[in-house]
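First up is the structure itself, then whatever we jot down about it.
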Amino acid sequence: MAIVRERTNIPVPQVFGYETNDNNSVGAAFILMEFLPGNVAMDANGGYKTHNGEIPPEHKSNFYNEMAQVQAEMTSIRLLRIGTIIKCTDGSYDTGPLPDIGGSFDTATAFFEAWAAKPKFPISEEVI
């Protein structure tokens with residue numbers, strides 16, 4: 001999220017710490033970040049049928065326009081390769097391997113080929 005914070009005007013919380021796996025003293029993956037007031041867009045729009053949504057119909061058009069602007073601004077973040085985003089000690093960014101896929105990748109084709117080679121199906125290949 002640091003790269004989004006540094007390279008765009010999109011409001012994102014500052015991350016204080018995180019762990020990506022459950023092999024830690026907490027026993028679970030976690031992220032500790034700054035509180036930002038407001039609602040999660042998916043919840044406010046009634047996502048996943050867990051909320052009825054809080055956005056009145058007359059404001060939905062503006063909501064979707066704002067979300068489109070966020071998506072467009074996100075596309076301005078460019079890295080040379082496809083992979084996990086790594087912040088280097090000099091403050092620059094690089095890409096590293098993706099869990100269970102590898103990489104980083106020079107092209108979208110290389111990424112999709114690696115991704116397609118690693119499908120996880122709940123049944124054996126013989127049954128498929």
20 Å cut-off, amide nitrogen to a point 7 angstrom out along Ala110 Cα→Cβ, residues in segment 62-78: 78
Once the dipole of the chain is set up from charges on Cβ (+1 Lys and Arg, -1 Asp and Glu), the residue from the list Leu32, Val4, Thr95 lying farthest towards its positive end is Val4
With +1 at each Lys and Arg Cβ and -1 at each Asp and Glu Cβ, the charge dipole magnitude of segment 79-128 around its Cα centre, to the nearest 20 debye, comes out at 140 debye
When the helices in the chain are scored as -39500 (n - 2.57) per DSSP H run of 4 or longer and the sum is shared across all residues, what 222 nm value do you end up with, to the nearest 500 deg cm²/dmol? -8000 deg cm²/dmol
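Every number here is computed from the coordinates shown, using simple stated rules; none is lab data. Everything numeric here is computed off the predicted structure, so don't read it as measured data. Note: ideal-geometry Cβ built from the backbone for every residue, glycine included; neighbour counts use all protein chains shown.
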